[in-house]
Structure formats: structure tokens, C-alpha cells
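The values are calculated or read from the model by the stated rules, or taken from the named source; none is laboratory data. Just so you know, these numbers come straight off a predicted model, no measurement behind them. Backbone-built Cβ (ideal geometry, glycine too); neighbour counts: all protein chains shown. With ligands, DNA and RNA removed, areas are computed over all heavy atoms of the protein, side chains included. Shrake-Rupley method; radii C 1.70, N 1.55, O 1.52, S 1.80 Å.
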There are 2 protein chains.
Amino acid sequence: MRISQLSAESGVPIPTIKYYLREGLLPPGEATSATRAEYGERHLRRLRLIRALLEIGRLPVASIRKVLAAVEDEETPLHRMLGTVHYAIGPDVEPHPDTAEWQQARADVDALIDQLGWAVSPNAPTRDELAQTLFTLRSLGAEAGRESLIPYARLAEQLVREREMATIPLDGPRDAAAEALVIGTVLYGKAFDVLRRIAHEAESARLLNAHPEH
Amino acid sequence: MRISQLSAESGVPIPTIKYYLREGLLPPGEATSATRAEYGERHLRRLRLIRALLEIGRLPVASIRKVLAAVEDEETPLHRMLGTVHYAIGPDVEPHPDTAEWQQARADVDALIDQLGWAVSPNAPTRDELAQTLFTLRSLGAEAGRESLIPYARLAEQLVREREMATIPLDGPRDAAAEALVIGTVLYGKAFDVLRRIAHEAESARLLNAHPEH
DNA sequence: CATTATTAGATAGTAGCAATATCTATCAAG
DNA sequence: CTTGATAGATATTGCTACTATCTAATAATG
């Protein structure tokens, strides 16, 4: 299929597709001449994944490139690729002033992960990310003890184990597993986030005896 | 306290504070002369909240303004204010081509909320947001039936009911409730999101027998 | 075969957002 | 009375995700 058809089927404008090609998000089509290239089903699928990561996951283009590069590279062992994907998905944590409160938050995170028995790399950036959240919660006056996160962690564990990892075809082709992981992490993460906000609304209505407007 | 001290204590540069004042995120200090204004503890607290919503919640400044305006306005009844906060927190859902698949996703969301027995406004933008996620999941080939979201919904319900709404002082002063709600929704939402990604890493390591690097 | 349309690839420009920077006219304090 | 800080206004920047334009080559069509 030519670029115009790729654009038509995906709904992504041609200049944007060219931009993704330039940025290395989309592999080039098979050149059939100096001014023609052939794109396939794979490109369409990739394009949809890019849009999902952008629009649903709100990942910056630079992160998407990292994710897709890890997915692409057959050299990387699967568990390293999964790690790359995880780390690319999170935002950059800007460094904090090295105060006692920050040390405490960071130590609490480490202790929490230890207590949960989770096998997580000691220098995983997600540790800093969680510490930052904990730190901010406390600086806003919330009583956010380490143990207050445990119910969240247990629920997360349950979700990941029973729903998300269970659906990833770890024995199938590598790129299928990679893509499933990305979809599971980003899209189901979003789904849960929205459901949680909907639940907030429903619960508020219940507690305040406010019936939703019809 | 003067603006320089406000800046020093919050870590936010003076030009940025001025920007927030201009944008109406931060109420002006009490003017003591043409070139002097006095800021208080309230401003410091507000500034911290703004930064939390920006950095942790990644809310755009325009949304933060809406949230804070709803918190501020004593006229708005509490349940309406909570609704405003919820809706401001979510992203704008760009309109979809009105295909059968979109209709189906939207209908599934409505049916799901009905089935859960949640009291949610029929025109809540979160319905569209969830439908978009469902739609995208399906367009990527995931088998995302309506029932696949039920476990997520039940977990969300549990979390919101037992942890988050329970800590909101609904009988106390209004702005305390509002702020607690914002913090609960945005910051604990983030905390859960990070914990979920950490759980992903731990579970990947477990399944792939890959031990984290030391 | 001539004309019109399409494409690859390169380069430049735009829109939106969150700041920063700069400037002036005051004040405040030593 | 001189130095420094501040309010308020206006302008500028840096970043990101596009979007537009141009050229040379090629394909499609009458």
C-alpha cells in the first residue's frame, strides 16, 4: 500500500506519517523506486500503536521511540526489553534537594518493596518516582505512611498477576509479547485510572446524597 | 512574608510565582503599598498544591485554574465542586468518527456502569474517556470485552471506598474537603500507577526467571 | 507522448504551553 | 540619599508535536 492509503486507513495525515518516519518511530516502507515505497499491514499496526501511546498513554515521542526500539531489537533478551519499556513509560524524575524528608521517602519506598517481596532492580527509576509522590503527599500534609501504600501495592500485584501478565504470550513470538506488554501497561493503566475517577464520582454522589443530573 | 521569601520557601522562582499570579492560580497577596504585598501560609500551601498538580498530576495550567476556582467558590455545592474537579482532571476527549465500533464501545461503557450500579452522570466526560480507551484497545486487536473491565472496576470501587473517600473530611471545612479530594484523586492515582508499573517489573522478573541487576 | 498527480526526502515554519526575561515606576531600609 | 526589592506590564524563550513548502523523480492517464 502507498503512503496515501496508509494515511487514509489510519486517519493520520501524510505529513505526520513522514514526521514519524523521520523520527524513527515508523520503519521506512520498502522502496520500489526513488519516489515510491510500499507499506504493509505491519506499518498500519505500528501506526495505530504509536497513536495509542501518544493519545491514550500521553507518552512523549522520545519515549515512544525508546519503547519501539526495544521492541524492535531482537538482540535484547525479553526481560531486559520489558524493563526498557517500563522505564521509558515513566516520566523523568527531576532531582530533588537531598533533604532528610527526601531520604526518608526514598527509604520508605525501598522498605516497602522489600516488605512486599518484589524483585525490583535497586536502581529502578520507578523507585524515585514513587518516592517523589510520597514526598509530595507528605509536603502537602497528607499522613502518608509507608503502610498506607500497602493496600495499593497488593491490589496492583493482584491486577498485574491475574489479569495483565496472564494475557501476555510469553512463549509466542517476541514482538507479540512486547506489544502486548506495552498495551497492557499503558492502555489498561489508563482504563483503571478512568474507572477510578468514575468510581470517585459515584462514591461522592452516594456519600453526599447527590443524584446525578439527568 | 514577601515574594522573595515565598520563592525561597517553595523553591519556585519569582518570575514563575508572578506567572501563577497573572494566571489566577495563586490569589494576590495583601498589598501594603504600591510595590509591596504580603503573602501568608495559605499562599505557600497553594503554591505547593499547584506544583503537585503540575509535576505529579501533569495537569495543564488551564485545568488547574478550573480546579482551584471550583475549590475557591463557596457558592458551589460540595458535590458539584467535586464533579468539577473530576472533570477538570481528565483530558479532553477529541471527537471520534461516529462508527459502529465507537458506538459499541460507548454502549459497553454505559452498560458497564449500569451493571456496577454506579451513580454517574449520563453525560460525564469520563464515559467518553473510557470508551476511547476501550475503542483503542480493540483497534489494536486486544480482546477487550465489557466484562474484562469488571475486575478493574471492582478494585477501583474498593480503593475509592475504603481508602480514598474515607479520608476526606466531608463534614469539616469545605476547602479542606476539596483539597483532600484533589490530593486523593491525583496523587494517590499517581502512586497506584507507579506501584502498578513496579509490580509489572517484579512479575516479569518472576515469570522470566530474571533476577534484578545488583 | 504529453500532461497531471503522487511521492520521497529535505528544510522551514507554526501552534500551544509553561515558563523566563526585561523594563519602569515606585517604594523601603540602612 | 543611595541601594535594593517589588508590582505590574510586555516581550521573549525553549520545547514539543506537528504542518507546510519545495524539488526532483516517477507513475498514471488520456
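Scanning segment A:137-170 for residues that are open to solvent by 20 Å² or more (accessible area, probe 1.4 Å) and within 7 Å of chain B (Cβ to nearest Cβ) returns A:SER139, A:ALA142, A:PRO151, A:GLU157, A:ARG161, A:ARG163, A:LEU170. Scan segment B:18-43 for residues that are within 25 Å of the chain's Cα centre (by Cα), more than 8 Å from DNA strand D (Cβ to nearest atom) and more than 17 Å from B:ALA69 (Cα to Cα) and the total you get is 1.
The selection criterion, being on the phi > 0 side of the Ramachandran plot and touching a residue at least 12 places away in the same chain (Cβ under 8 Å), holds for A:GLY24.
So, in segment A:1-17, how many residues would count as being in contact with a Pro (Cβ under 8 Å, 6 or more places away or on another chain) and loosely packed, with under 14 Cβ neighbours inside 10 Å? Number satisfying all stated conditions: 1.
Scanning segment A:18-54 for residues that are open to solvent by less than 30 Å² (accessible area, probe 1.4 Å) and either near DNA strand C (Cβ under 8 Å from one of its atoms) or part of a strand (DSSP E or B) (or both) returns A:GLY29, A:ALA37, A:TYR39.
Applying the criterion of being open to solvent by less than 50 Å² (accessible area, probe 1.4 Å) and more than 13 Å from the chain's Cα centre (by Cα) to the residues of segment A:63-77, the residue that is farthest from A:LEU21 (Cα to Cα) is A:THR76.
Going by the conditions given, is B:ARG80 more than 12 Å from DNA strand C (Cβ to nearest atom), open to solvent by 80 Å² or more (accessible area, probe 1.4 Å) and closer than 25 Å to A:THR133 by Cβ? No.
Within segment A:85-130, the set of residues being among the polar types (S, T, N, Q) and either open to solvent by 80 Å² or more (accessible area, probe 1.4 Å) or facing chain B (nearest Cβ under 9 Å) (or both) comprises A:GLN103, A:GLN104, A:GLN115, A:SER121, A:ASN123, A:THR126. Residues of segment B:63-88 that are within 15 Å of B:SER121 (Cβ to Cβ) and touching a Leu at 6+ places or on another chain (Cβ under 7 Å): B:HIS79, B:LEU82, B:VAL85.
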